[in-house]
Structures are given as C-alpha cells and as structure tokens.
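This report refers to the structure that appears directly beneath it.
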Amino acid sequence: MARSPAWRSRLAAGRYAILEHNDGWQSRYLHLNNDSEGGDSGRADWDLTVVDGLEEGARVIAGMQIAFVGDFRKRRRHQLAHAL
C-alpha cells in the first residue's frame, strides 16, 4: 500500500506521479498523458491525466489504476517510465 501520487510536471519527464510507499521508498511514473482528446497539444486538463476520483494523498494499492499513459515528445508512441 502506498500514498496516492503527488502530481507534477517537468519538461524532461512530462506529467508524472510520485507514490510514497510505507517502507520509505518512492515510485515515480513518468510520461503520463498531457494531451486533449483527439489532439496532441500537451496542455490537457489534469482530469485527462489522473483517474477520476483519485485525490492527492489518498491510499492506493498494487494493481490500481492511477493515471493514463501518455506519449513521449510527439513520437506518437505510448511510453511509461517507472523509477524507484
């Protein structure tokens, strides 16, 4: 079990989530969706990034969807990076 993501955005990583685990580790999920439906603007509302109803600070469990995967620098291929 972990605390729900803190949502962030940076140029190199795009939109990403940070999960804080009970044992002190952190997970970062990079390259989350930032595009509007049917477009590649990179400026979509955060509700197109984060799963509906998930609030920052909520508890999440393994296997639970937290966000939608995005693409990487307009290459039009879906990519998700995970780091501990």
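Being in contact with an Asp or Glu (Cβ under 9 Å, 6 or more places away or on another chain), modelled with pLDDT under 85 and surrounded by fewer than 15 Cβ atoms within 10 Å (Cβ to Cβ) is the requirement here; does R10 meet it? Write out each step before concluding.
Working: in contact with an Asp or Glu (Cβ under 9 Å, 6 or more places away or on another chain): no; modelled with pLDDT under 85: yes; surrounded by fewer than 15 Cβ atoms within 10 Å (Cβ to Cβ): yes.
Spelling it out, it is not the case that R10 is in contact with an Asp or Glu (Cβ under 9 Å, 6 or more places away or on another chain), modelled with pLDDT under 85 and surrounded by fewer than 15 Cβ atoms within 10 Å (Cβ to Cβ).
Tell me whether segment 61-74 contains one or more residues that are modelled with pLDDT under 75 and not in a loop (DSSP other than H, G, I, E, B).
yes
Working only within segment 19-60, note down all residues that are of a type in the set (S, T, Y), in a loop (DSSP other than H, G, I, E, B) and surrounded by 13 or more Cβ atoms within 10 Å (Cβ to Cβ). Lay out the reasoning, then the answer.
First, pick out the residues of segment 19-60 that are of a type in the set (S, T, Y): 27, 29, 36, 41, 49.
Next cut, in a loop (DSSP other than H, G, I, E, B) only: 36, 41, 49.
Hits for segment 19-60 are S36, T49.
Please name all residue pairs, on different chains or six or more residues apart, with Cβ atoms under 9 Å, provided the first residue is in segment 36-64 and is on the phi < 0 side of the Ramachandran plot and the second residue is in a helix (DSSP H, G or I) and surrounded by 10 or more Cβ atoms within 10 Å (Cβ to Cβ).
Qualifying pairs under 9 Å: S36/L48; E37/L48.
Mind telling me which of the residues D35, D23 ends up being acidic (D, E) and at pLDDT 85 or above?
Just one listed residue meets the conditions, D23.
The values are calculated or read from the model by the stated rules, or taken from the named source; none is laboratory data. None of the values given here were measured: they were computed from a predicted structure. Backbone-built Cβ (ideal geometry, glycine too); neighbour counts: all protein chains shown.
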